[in-house]
Every structure is written in structure tokens, then in C-alpha cells.
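Some notes on the structure that comes next.
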Amino acid sequence: MDAGEILVWLVWIGAATALFASGLAVVLFQNPFYSALSLIVNLASLAVLFLLLSAEFVAAAQVLVYAGAVVVMFLFVTAYLGGRADAPWAGGPTLQSFFAVLAAGAIAVEVVVVIALTAGDRLTDPAEISDAFGSPAEIGRLFISDHLLAFEATSIVLLVAAVGGVILGTTAPRTVRAEGRAEVPER
Amino acid sequence: MTEPLRHPDIDWAALAPVLTLLGTACFVLLVGVFLPRGVRRPFAAFFAAAGLVAAGIVSGILFALDDEATTLVRDSLARDRLAELGQIFVAGAGLLAVGVAYFESRGPRGDDPRVAEDDWRERVVEGYVLLLTAVAGMAFFVQANSLITLFLGLEWFSIALYVLCAINVHRIAALEAGLKYLIVGSFGSAILLFGSAFVYGGSGGLTFGEIAAGAADGERLFFAAGLAMILVGLAFKVSAAPFHMWTPDVYEGAPTPVTAFMSAATKIAALVLTLRLLLTAFPGEEELWTIAIAVIATISLAWGNIAALTQRSVKRLLAYSSVSHAGFLLMPIAAGNALGGRALLFYLVPYAALSIGSFAVVAARERELAADVTLDNLAGFGWERPFHAIAMAVFMFGFIGLPPAGLFLGKFYVFTAVYERGWTWLVIVGVVATVVSVAYYLAVVRAMYSGSAELRTAPAGGSPPRDWPLTTTVFGCLVLAVATLVVPDPLVDLARDSLAFLSFPF
């Protein structure tokens, strides 16, 4: 095992440990603010694992979209509403938590089966992909050739959503003055 | 890695209807905010109408030019007469909605008028912009020729509709409608997306042509499961039972002009696309999808009609009527023959006219009462507003499938198509559903002309506000509904031409 491989293993162990620990932290923290912060760590370490798998685009998207945008939005919402959401396991197990555990268990079994089959070289009909598959260059190439129209349409969909968000989010000033927002439910 | 990029050829002509609508929307949005409040409403309405007419004309020109089907931008979109006819239909539905929405000013259900009155007026520019973008999304959606553009088109017009439903933000009912539609609609979209992934996995293709070509050597189970999930996702949009649970609440809570638009245009877009998708991407699975759709149609007919019988709110009644008509509209797709395709395209036009027209009359009554319209407070309407009431009566008789509206022929076509497929049982289901529907449609007519002698002389809502755009729209719907019965041939020919490039399994 040369130095490079040892480095890869070290990075893998570090990222995997961080992933596991932060994943548990997301679920176990009572304060949703800390949960959201742990989720950032979780997504960042997942991005490291993607990098190790040569999925650079997915890693970058993970950090930009999820850690950068989505979780920051979670934090904003938490800050607005105050960090007093329900404790996750309060009030005993519910039907929802039962199905959540069931779904998580199913995914765990699936992962174990796939890893075992791969390790034993018994995966039938594995996908054959080229080295360039999933690289940022290849994805960029698809965006401006085969999926040009989808790429552009996505930007229009996002524009429509942004305009809609502004329409719903702003309250006309005259209306507010008229009656002190009688129709807005109490927060 | 350094091979030169092969840029796709872009057929701008085929994109012109969508770009016209988007360009108009951007223009109205950017200019509208700088105008003084007094002229915003006529400005936005005029350019919305102009944009819709222009898009319809562009689609019409393309329809005349294209005698064969082609695709553009690496098969992402289709350029054929079916898409162009669908675009003309949705642009027409949007145009009718422009008139209904013009004087929408207040929310029903006892809101404080000082607060709620301003909502639509404050947002009239944005409201018309969203209407234009919704129509643009539908125009894009009916052209979709790959699973990616299908999903994007669906989200595009759905997002615009979610916001339109909630645009009167000071009405809790409107916010509730928007939120419900958002959550249930997203659920439907998620199922559709999941199904698309299965279909891609099972066939290795994203465009409809590739899917059909790759279906044979893929995993059958995944392919069929994906097809089923895509159908479920589309059924949510069509509001077919049992995926209709959002329909009554959203139709009731949304501003009535938005309901009018949604009830017609969403169905047109989703059904035209369903027809294209099933015939071009899943020609080998015809046994599967015809039976699945026949079952969904039967459930919609049963559920929609039975639930409509017990409604007091006219908007909810019409919402369940819309569920039952989703059933009638799915029947010709289930038939899977060329006659069925023509029946679907024919049926859509009188149906859209009746649906928009009847919601427009409800909007008129809502505006003069400042309350939700129920069968009880319709009393006296027939004497106070003779034109609107006669139009409403025609719409109700039309929904049943009686003359003088074109749905009479539409239902006849639909039943013939299903009969030709050999499914007499489905024809019987349709006829029974029609008979049941007589009860609640006539209840509306009876409610309008009931009422004591007092009501006949003293209108309940005072003198009705003048609302010429709405009255014009009602008149337009009436003309369209009657014209499809009197001169059905042009529409039948258009339908036949637009389906010429498709091959039907039965």
C-alpha cells in the first residue's frame, strides 16, 4: 500500500466518521438550530466521500445547493420561528417514526446486499460507464448540447418560482395600513 | 475530452408560441410596476389578452404549415399539429380567463372588505403575468417529447398556478387552497418523477422515441411500474379520482377566475400530453395503459358524480363535476383508437367553454353577494340577471350532455369510441354517470329560478356591479359551446389533422 492509498484511506475514515457522527447529531440534538448546523457537516463530509468516488460534480452540487442554500434557508426559518420545535421522539413512537425506521432499515439492508454482492463479484449485469461519466466537463457538455432546452427551461421555472415567492411574500403597504392585517393568522 | 461541441439546431419557429407568451409576461411585469395604479389593470389585461391572441395565432400558423411531425433540440420538444392545437386551446382558455379576472376585487366568505378588497387590485399585474407564464408552461408542456421537458413543463405551469391560487394573500381560504395544491401537487410531481426514473432505467431512453425503442430489451417490471407512476402523476393534474382529493378544496378556495382557468386549461394540457406520451412512448404497453385508464375513468365518474350530489357550495359542486368530466375525458384515451383521439380533442373545447363559463357566472354572483355562492343564495338569480342565468342554464344542460351545447356531440363521440373498442361496460358506466349527473346540474338551474315572489322584485345583492369583461366572457363561452354543436365539422377536421401523424393501437 503506497502513500497515496494510505492517504485515501485516512480521508475516507475521517469523512465517514464525521458523516456518521453528524448524522446522529442531526437526529439527537434537541435544538433544531444545532441540528441544521450538524446537517451542514453531514453534507460536507458526504461531499468528501463523493470526491473520493471521482464524482466531482455531485460533490460540488452537494456543497453549493444543499449545504450552501438549503440548510442556510433552514437556519433562517429556524431563526425566524424560534428554536422551539418539537423534540423528535417526544410523546413516544408514532406511526410516522415506525415507518421512518422501516424505510431506513430497508435502505440499510439494500446497501449491505449491494456491497456484499460487489465484494463477492456476484453483481449480475453491472453498469458499464466511461471514466468521463459524471465529470463536470461531461455534465456541462450535456447541458449545452443534448439537454440545452431543459437547462434553459429550468431557469425559467426558477424565475417563475422566484416571482411567485416575491408576490406571496410581500404585503402591499396600503393594505397593511387599512386594517392591521386582520386576516393574517396569529403566529 | 476535447472533441468539439455539437450544438443542437434550434428551431425557433417551433418555440415561438412559448417565447411570445414569455416575452409578453416579462414586458407586462417590467413595465407594469412603473405605471400609476389606475392604469395597471387595463394595461396588464390588454397585453395579457394580446399576448395570448398572438401566441394562438403563431400556433395557428404553425398548424397550417406543419403537415408532418418533427422534433427540435435533440428531440426535447415535438413540433407537430397535436402540440399546436393544444397550444391554441390553452391560449384560448387563458384568453377567456383574462375577462373573468378583470374585475375580481374581493374575497368571499365574510372577509373584512377594507382588507381583502385590495388583494387582486394590488397584484393585478402579477396576476396576469402568472396567468401568462402558466399558459406558457402549458404550451411548453404539450410540446414535451422527453421525460425531462415533460417534468419541467409540469412544474412550470404548476408553480404559476400554486401562486395564483394563493394570490389573495389576505384570505385564509386562498392561502389554504394554495398550500394544499402545492403539497398535493408536489406529491403528484414526485410520483411522476420517480416513475420517470423507473422508465429511464427500464428502457434506457429519455425521449419518447427512445423509450418506445428501448422498451423491448429492458426490465419489464420497472418499465411497467414507471408507466403506472407517471400515469398517477398525470392523473393528479387531470384531477381524476382517486387522485382528486385536492380538487374541491382548491377550486373552492382559489379566486374564482383562477379556478375557471385551472379547471379548463390544466385538463387540456395534461390530457393532450397524456395522449402523446402513451401513443409515442408506450405503444407496446397498450393493454396495460388502456385498462388502467379505463379503471381511473370509472372511479372518477363514480366518485365525482356521487360526491357532487351532496354539495351545497356551487364551486364545490362544479369541482366534483370537473372530477367526473375527467372520467369522461379519460374514456377516449382508454379506447386507444383514432376515433378516441378525435373525441378527446373535440370534447375538450365545449368542456372548456362550459367550465370557464359556469365559473364566470359563479364569479359574477360572488361579486354581487360578497359571499360564497351556494345553492341557497343562488335563489332569485334567474330573475335578477337574466342573461347570466340563461347562460348558466345552458352550461348546466351542456354539462349533462344535452343540446344546445357541443358536449352533446362530445359525449356521443366518446361513447362511440369506447364502444368501438368493444368495452360496452364502460359505455354503460358513462351513461349511468350522465343520468346521475342530471340531478345536481338541474339543482343549480332550479336554485336560480326558485325563490319567493319577494326575491323576484328585490334583488338580494342590490344592483349588480357592471362587469362587461366578465359578461363578454360568458357570452364568448356561450357562443363557443353552442357553435361546437351547430358547426362541429371544422373542429372535427382540426382534430383529425392533428392526430394524423400518430398511430393508434386499436
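The values are calculated or read from the model by the stated rules, or taken from the named source; none is laboratory data. None of the values given here were measured: they were computed from a predicted structure. Reconstructed Cβ throughout: ideal geometry from the backbone, glycine too, with neighbour counts over all protein chains shown. Only protein heavy atoms, including side chains, enter the accessible area calculation; ligands, DNA and RNA are left aside. Shrake-Rupley method; radii C 1.70, N 1.55, O 1.52, S 1.80 Å.
Residue-wise test of (1) more than 24 Å from A:L52 (Cβ to Cβ); (2) modelled with pLDDT of 90 or more.
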site	(1), (2)
A:A106	yes, yes
A:E110	no, yes
A:D125	yes, no
A:I129	no, no
A:A162	yes, yes
A:E179	yes, no
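Residues checked against (1) at pLDDT 85 or above; (2) under 28 Å from A:E138 (Cα atoms):
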site	(1), (2)
A:I6	yes, no
A:A15	yes, yes
A:P32	no, no
A:L52	yes, yes
A:S97	no, no
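Please pick out the residue among B:E122, B:E155, B:E126 that is touching a Lys or Arg at 6+ places or on another chain (Cβ under 9 Å), facing another protein chain (nearest Cβ under 8 Å) and open to solvent by 10 Å² or more (accessible area, probe 1.4 Å). First the steps, then the outcome.
Details: B:E155 fails: touching a Lys or Arg at 6+ places or on another chain (Cβ under 9 Å); B:E126 fails: touching a Lys or Arg at 6+ places or on another chain (Cβ under 9 Å).
So the residue among B:E122, B:E155, B:E126 that is touching a Lys or Arg at 6+ places or on another chain (Cβ under 9 Å), facing another protein chain (nearest Cβ under 8 Å) and open to solvent by 10 Å² or more (accessible area, probe 1.4 Å) is B:E122.
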If a residue must be of a type outside the set (S, T, N, Q), free of Cβ contacts under 8 Å to residues at least 12 places away in the same chain and more than 7 Å from chain B (Cβ to nearest Cβ), how many such residues does segment A:137-162 contain?
9
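Is it true that B:A216 is surrounded by fewer than 19 Cβ atoms within 10 Å (Cβ to Cβ), more than 14 Å from chain A (Cβ to nearest Cβ), more than 21 Å from the chain's Cα centre (by Cα) and over 20 Å from B:L271 (Cβ atoms)? Before the answer, list the steps.
Values: surrounded by fewer than 19 Cβ atoms within 10 Å (Cβ to Cβ): yes; more than 14 Å from chain A (Cβ to nearest Cβ): yes; more than 21 Å from the chain's Cα centre (by Cα): yes; over 20 Å from B:L271 (Cβ atoms): yes.
Here the answer is yes, as B:A216 does meet what is asked.
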Is there any pair with a first residue in segment B:209-225 that is over 13 Å from B:P283 (Cβ atoms) and aliphatic (A, V, I, L, M) and a second that is part of a helix (DSSP H, G or I) and open to solvent by 90 Å² or more (accessible area, probe 1.4 Å) whose Cβ atoms are under 9 Å apart and which are 6 or more apart or on different chains, and what are they?
none
All but one of (1) free of Cβ contacts under 8 Å to residues at least 12 places away in the same chain; (2) part of a helix (DSSP H, G or I) hold for B:G195; which doesn't?
(1)
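Quick one: which helices (runs of 4 or more DSSP H) sit completely within segment A:1-75 and have at least 3 residues that are touching a residue at least 60 places away in the same chain (Cβ under 8 Å)?
Details: elements: A:3-28, A:32-52, A:56-61.
Result: A:56-61.
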Residues that are at negative phi, more than 14 Å from chain B (Cβ to nearest Cβ) and either of a type outside the set (A, V, I, L, M, F, W, C) or part of a loop (DSSP other than H, G, I, E, B) (or both), drawn from segment A:94-125
A:T94, A:Q96, A:S97, A:G105, A:E110, A:T118, A:G120, A:R122, A:L123
Go through (1) at pLDDT 90 or above; (2) open to solvent by less than 60 Å² (accessible area, probe 1.4 Å); (3) more than 10 Å from chain B (Cβ to nearest Cβ) one by one and return the number of the condition A:G83 breaks.
(1)
Check whether at least one residue in segment B:130-142 is facing chain A (nearest Cβ under 10 Å), out of contact with any Cys (no Cβ under 6 Å at 6 or more places or on another chain) and surrounded by fewer than 24 Cβ atoms within 10 Å (Cβ to Cβ), and report yes or no.
no
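Could you tell me whether B:E68 is buried (at least 21 other Cβ atoms within 10 Å of the Cβ) and either at positive phi or assigned to a loop (DSSP other than H, G, I, E, B) (or both)?
Details: buried (at least 21 other Cβ atoms within 10 Å of the Cβ): no; either at positive phi or assigned to a loop (DSSP other than H, G, I, E, B) (or both): yes.
For B:E68, the condition - buried (at least 21 other Cβ atoms within 10 Å of the Cβ) and either at positive phi or assigned to a loop (DSSP other than H, G, I, E, B) (or both) - is not met.
Among A:D121, A:D146, which is modelled with pLDDT of 75 or more, within 25 Å of B:L77 (Cα to Cα) and open to solvent by 50 Å² or more (accessible area, probe 1.4 Å)? Full working, then the answer.
Working: A:D121 fails: within 25 Å of B:L77 (Cα to Cα).
Of A:D121, A:D146, the one residue that is modelled with pLDDT of 75 or more, within 25 Å of B:L77 (Cα to Cα) and open to solvent by 50 Å² or more (accessible area, probe 1.4 Å) is A:D146.
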Does at least one position in segment B:43-55 carry a residue that is within 14 Å of another protein chain (Cβ to nearest Cβ) and crowded, with 24+ Cβ neighbours inside 10 Å?
yes
